[in-house]
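Asks: Got a structure for you, questions after.
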Amino acid sequence: MSKAVQLLVKEGKRQAETIDLIPSENIASRRVQDALASYFTNKYAEGYPGKRYYPGNVMADELELYAQNLARKIFGLTKRWHVNVQPYSGSPANIAVYFGLLNFGDTIMGMALSHGGHLTHGHKVNFSGRAYRTIQYGVGPYTGRIDYDELERLAKKYRPKLIVSGATAYPRKIDFARIGDIAKNVKALHLADISHIAGLVVAKLHPSPFPHADVITTTTHKTLRGPRAAIILCKKEYKDAIDKAVFPGLQGGPHLNTIAAIAVAFEEAIRPSFRHYQQQVLKNAKTLARELIKEGFQLLSDGTDNHLLLANVKASGIDASWAEGVLEQAGILANRNTVPGDASPFRPSGIRMGTPSVTSRGMREQEMRTIAVCIAQLLRKHKTPLEICGKVKKLCKRFPIPEIYR
Ligand code: DSN
């Protein structure tokens, strides 16, 4: 067996024996993985359907149009919405929106990274914070919820050209309607980055951003459970600018194998079972939050409305980097994360957890209780990883990595 294949096999075993609570991770079905490994990986197709810079793209054209239509279908959209399925991932998708719709130096407003936003929402080390003037909003100091009044005040003061809604570490529902109104009032565009919650939006378990935003970006992995990639959905009037920004502005040939995998994932998302899955993701997150609170953990905003939760472990005298390491040694993955007030992303105070992956394995409320107890034993009751890892392995064995979703 070659070294590369050995590593593939080892990674499969690692995933099988690990409880993955990283909220941005999930388990793509075998069909999605097969599409990624399909013949489409061999093909170049720079351009868009009907206007390619390479021959041999009959199937590519059909595939791309099919994926666009499926995106409209899962989100319940009419042809008034254009879909670009070519972005390589979420960060390039957001950058393409700025590049297509703004001029360098324009002002954008987004949620601060330490409050749950994303690097591409205007963080100073990111391209978005270097090429544009950025204003950052955040959560209230006591509520842990987005301070919409402050967001409005900042928008009126700085008159941004674009306001980004959406987050990567925010456990509550986002009021897209309110942010859409604020954007309209200051004549800003509204970009909703729903990468984390897209699956919940599809399942109608989170209010839709579509009536309130001009452009929506989402990754297709995370709660959508597809391949590592992203799509941009925009009102028709922004189609040309967005398409040009993606190609030739930022990217070359689209990864057709990934677009095929997106189509497969969206076919899966149409099924009623996808909604049941998302319902269970929410139930599991609520249970995990409740059980962790019972075990003495302090959660941001005291709970969750979505698939993730954020524990401020520093508030209980626990170092988040140490906590991440101890959990990993026991076979539980949850990532250290900044919480409001943190100065450095390298030494944050929080641990972020989510339920998309464990729910894909079929775990339910009872297993969330078991996981919360394991976490508490490791982080608060000084049990060693060696004492807990047997329990973790047993749970993983009872809930193997699924091959397909029916
Ligand atoms: N890095 C992703 C996350 O973990 O949320 C967002 O891009």
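Asks: List pairs: first residue in the range 229-251 and touching a residue at least 24 places away in the same chain (Cβ under 8 Å), second residue among the acidic types (Asp, Glu) and open to solvent by 10 Å² or more (accessible area, probe 1.4 Å) anywhere in the structure, Cβ distance under 7 angstrom, at least six positions apart or on different chains.
Replies: Every condition considered, the pairs that remain are CYS234/ASP214; LYS235/ASP214; TYR238/ASP214; PHE247/GLU46.
Asks: Let me ask you something else. Please verify whether PRO345 is part of a loop (DSSP other than H, G, I, E, B) and closer than 22 Å to ALA203 by Cβ, treating the condition exactly as stated.
Replies: Working: part of a loop (DSSP other than H, G, I, E, B): yes; closer than 22 Å to ALA203 by Cβ: no.
No, not satisfied.
Asks: Sticking with this structure for a sec: Among the residues that make up the range 212-229, is at least one of them more than 16 Å from the ligand (Cβ to nearest atom), open to solvent by 10 Å² or more (accessible area, probe 1.4 Å), touching a strand residue (DSSP E or B) at 6+ places or on another chain (Cβ under 9 Å) and of a type outside the set (Lys, Arg)?
Replies: yes
Asks: Scanning for something among the hydrophobic types (A, V, I, L, M, F, W, C), touching a His at 6+ places or on another chain (Cβ under 6 Å) and open to solvent by less than 40 Å² (accessible area, probe 1.4 Å), does the range 249-262 turn up at least one residue?
Replies: Applying the first criterion (among the hydrophobic types (A, V, I, L, M, F, W, C)) to the range 249-262 yields 250, 256, 259-262.
If we keep only those that are touching a His at 6+ places or on another chain (Cβ under 6 Å) too, we end up with none.
No, there is no match, as no residue in the range 249-262 is among the hydrophobic types (A, V, I, L, M, F, W, C), touching a His at 6+ places or on another chain (Cβ under 6 Å) and open to solvent by less than 40 Å² (accessible area, probe 1.4 Å).
Asks: Let me ask something else about it. Tell me which residues, restricted to the range 361-396, are within 23 Å of the chain's Cα centre (by Cα) and open to solvent by 10 Å² or more (accessible area, probe 1.4 Å).
Replies: Answer for the range 361-396, where residues must be within 23 Å of the chain's Cα centre (by Cα) and open to solvent by 10 Å² or more (accessible area, probe 1.4 Å): ARG361, GLY362, ARG364, GLU365.
Asks: Related question: Residues to consider are SER114, SER128; find the one that is within 16 Å of the ligand (Cβ to nearest atom) and touching a Pro at 6+ places or on another chain (Cβ under 9 Å).
Replies: SER114
Matching residues to (1) at pLDDT 95 or above; (2) of a type in the set (Gly, Ala, Ser):
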site: ARG52; (1), (2): yes, no
site: PRO55; (1), (2): yes, no
site: ALA71; (1), (2): yes, yes
site: HIS82; (1), (2): yes, no
site: PRO92; (1), (2): yes, no
site: LEU119; (1), (2): yes, no
site: PRO141; (1), (2): no, no
site: GLU150; (1), (2): yes, no
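Asks: For ASN335, indicate whether it is open to solvent by 10 Å² or more (accessible area, probe 1.4 Å) and within 16 Å of the ligand (Cβ to nearest atom).
Replies: yes
Asks: Which of the residues spanning the range 26-53 are farther than 14 Å from HIS255 by Cβ, free of Cβ contacts under 8 Å to residues at least 24 places away in the same chain and open to solvent by 90 Å² or more (accessible area, probe 1.4 Å)?
Replies: If the condition is that a residue be farther than 14 Å from HIS255 by Cβ, free of Cβ contacts under 8 Å to residues at least 24 places away in the same chain and open to solvent by 90 Å² or more (accessible area, probe 1.4 Å), then LYS51, TYR53 are the ones that fit.
Asks: Considering each residue of the range 158-174, count those that are over 20 Å from THR355 (Cα atoms) and either modelled with pLDDT under 95 or within 16 Å of the ligand (Cβ to nearest atom) (or both), and give that number.
Replies: Final tally of qualifying residues: 2.
Asks: Using beta carbons and a limit of 6 Å, which pairs, at least six apart or on different chains, have the first residue in the range 141-159 and touching a residue at least 24 places away in the same chain (Cβ under 8 Å) and the second one assigned to a loop (DSSP other than H, G, I, E, B)?
Replies: ARG145/ARG172; ALA155/VAL186; ARG159/VAL186
Asks: Restricting to the range 197-248, count the residues that are outside any loop (DSSP other than H, G, I, E, B), under 21 Å from the mean Cα position of the chain (by Cα) and of a type in the set (Gly, Ala, Ser).
Replies: The qualifying residues number 3.
Asks: If you go through the range 311-321 one residue at a time, do you hit one that is more than 20 Å from GLY140 (Cα to Cα), within 16 Å of the ligand (Cβ to nearest atom) and open to solvent by less than 40 Å² (accessible area, probe 1.4 Å)?
Replies: So far as the range 311-321 goes, yes, one or more of its residues are more than 20 Å from GLY140 (Cα to Cα), within 16 Å of the ligand (Cβ to nearest atom) and open to solvent by less than 40 Å² (accessible area, probe 1.4 Å).
Asks: Could you tell me whether ILE135 is within 16 Å of the ligand (Cβ to nearest atom), in contact (Cβ under 8 Å) with a residue 24 or more places away in the chain and either open to solvent by less than 40 Å² (accessible area, probe 1.4 Å) or more than 23 Å from LEU233 (Cβ to Cβ) (or both)?
Replies: no
Asks: Please find, within the range 175-196, the residue that is farthest from the ligand (Cβ to nearest atom) out of those that are open to solvent by 10 Å² or more (accessible area, probe 1.4 Å) and in a strand (DSSP E or B).
Replies: The qualifying residue farthest from the ligand (Cβ to nearest atom) is LEU189.
Asks: Residues being open to solvent by 20 Å² or more (accessible area, probe 1.4 Å), at negative phi and either in contact with a Lys or Arg (Cβ under 8 Å, 6 or more places away or on another chain) or free of Cβ contacts under 8 Å to residues at least 24 places away in the same chain (or both): count how many of those fall in the range 104-120.
Replies: 1
Asks: Just to be sure before I move on: is GLY140 surrounded by fewer than 18 Cβ atoms within 10 Å (Cβ to Cβ) and away from the ligand (no atom under 16 Å from the Cβ) in the structure I sent?
Replies: yes
Asks: Of everything in the range 348-359, what is more than 15 Å from the ligand (Cβ to nearest atom), in contact with a strand residue (DSSP E or B) (Cβ under 9 Å, 6 or more places away or on another chain) and in a helix (DSSP H, G or I)? Give them in sequence order.
Replies: Within the range 348-359, just VAL358 meets the criteria.
The values are calculated or read from the model by the stated rules, or taken from the named source; none is laboratory data. Worth saying up front: this structure is predicted, and the values here are computed from it rather than measured. All Cβ positions, even for glycine, are placed from backbone atoms using ideal geometry, and neighbour counts span all protein chains on display. Protein only, heavy atoms only, side chains kept; ligands, DNA and RNA dropped before computing areas. Shrake-Rupley method; radii C 1.70, N 1.55, O 1.52, S 1.80 Å.
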